[in-house]
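Participant: After the structure tokens below, expect a handful of questions from me.
The values are calculated or read from the model by the stated rules, or taken from the named source; none is laboratory data. Nothing here was measured: the structure is a model prediction, and the numbers come from that model. Note: ideal-geometry Cβ built from the backbone for every residue, glycine included; neighbour counts use all protein chains shown.
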Amino acid sequence: MLSDPQIVQKINSEFVACWETVRPVPKVSIDFGNGKKMQRTLMGNTVLYICYPDGQVVDALPGVYRPEDFTPLAEAALTFMRSPAMTAATGAARTKLLADWHRTRFAASVQGERRRMTFSKAAVETPLLNAMGVLAKPEASSVPVAANVAPNVPPRQPSGFGGAPRTPGGGFGTGNPGTVLPAREEGAVAVLPPLPKLNYEKDLKSAFQQLSVNIEDISKGTYTVQRLKFQGVFGPTTPRMSPEDLGKLVVAMDSKNNVTVVHPTADLLLATCDTPQTPQSLRDVLFKQVLHVPIDDPYLGLADALVPGSPTVP
Amino acid sequence: MNRSHWASLGLVCVGLLSLLARSEAQAPNAQAALQKPTPNAKSAAHTEGIHWLTSFEKAKQKALRENKPVLLFQLFGKLDEALC
């Protein structure tokens, strides 16, 4: 996104841009043993903040965004900052207006998802409502697996085989709920108990806690490429996509998930704030609870489980 | 055309041929240099264009002067490095 000419122009004209490091990025080198080597990063993640010149956060955008997803969010924040009410407000009044704005936006996101569900009649089209537990009753005939889990993430499985991959057209933003292929083992399909329904109107902080635990970063999911294959991106009649194009598709999925679920979760967090927030005060909760990256852990959670035979971590 | 003209033409041809030979000898290296990604090739795409600051405090001061909001980008690694 940051190399897009229109975004460059937008950022340079509307903002003072600044970057800072949260921690060094883990790098991994893979020697394939045939002369081929690959080096890449692991667990990298980002948060964009829009702040007043005094450092107070107006909006926070965790994760990556495509230009077409970032622009409306940035415009909304700029328009709100330039509104007469916000221009006149200072101190506690400004903080209150900000919290109210985020609460209103979160409600609008929920409402938008409800509307989308009405049109699509598909639980898989409403990841935010899924993560909130609003869709407590899975549509057993079409989506028996983990219907209360955001559809853009691999369904949580008890263990081993038994996964029920969605057929092409299912899942992410296709407008098609898809169907489920037969499980490979009889009785292996998992129907998880419904999540407790999230009531953000009564208790914003509890609602944030509940919503944040149901977020997953799909771009880091090991199944992402496999899922794209099942969605028909690769098929017998489909020309094989280049790694670059497939990477763009993964970013597009990630960006849409961030707009639909992750950013509203940040809205919910900011709606709970009755004191001015800075990037420093929000950093830990956004990385740890929203993006699920344990930034205090020197191994970022990668050493939590070591399969037998793994070298001991120093 | 007299003898001196032929001699001059010959010298020019020899010079041109030697230049051509030298440029051909250098061509693979030049081509390799063009194709070889620099360590910060990826980061260049990130950092070119946008006028990035690397200090939030300085960004706030500049934002105050220019009456603009700050866009802060928190990331793992460094934006001006190849892998970030």
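Participant: Hey, can you tell me all the residues within segment A:38-95 that are more than 9 Å from chain B (Cβ to nearest Cβ), assigned to a loop (DSSP other than H, G, I, E, B) and among the polar types (S, T, N, Q)?
Facilitator: A:Gln56, A:Ser83, A:Thr90
Participant: Return the residues of segment B:50-74 that are more than 7 Å from chain A (Cβ to nearest Cβ) and buried (at least 19 other Cβ atoms within 10 Å of the Cβ); say none if nothing qualifies.
Facilitator: Matches in segment B:50-74: none.
Participant: What is the residue count in segment A:231-252 for residues that are touching a Gly at 6+ places or on another chain (Cβ under 8 Å) and either assigned to a helix (DSSP H, G or I) or at pLDDT 60 or above (or both)? Let's see the steps before the verdict.
Facilitator: Looking only at segment A:231-252, we keep the residues that are touching a Gly at 6+ places or on another chain (Cβ under 8 Å), and these are A:231-232, A:238.
Filter again for either assigned to a helix (DSSP H, G or I) or at pLDDT 60 or above (or both), leaving A:238.
Matching residues across segment A:231-252 total 1.
Participant: Hey, another quick one. Of all residues in segment A:4-30, which are over 21 Å from A:Ile295 (Cα atoms) and within 7 Å of another protein chain (Cβ to nearest Cβ)?
Facilitator: A:Val8, A:Ile11, A:Asn12, A:Glu14, A:Phe15, A:Val16, A:Ala17
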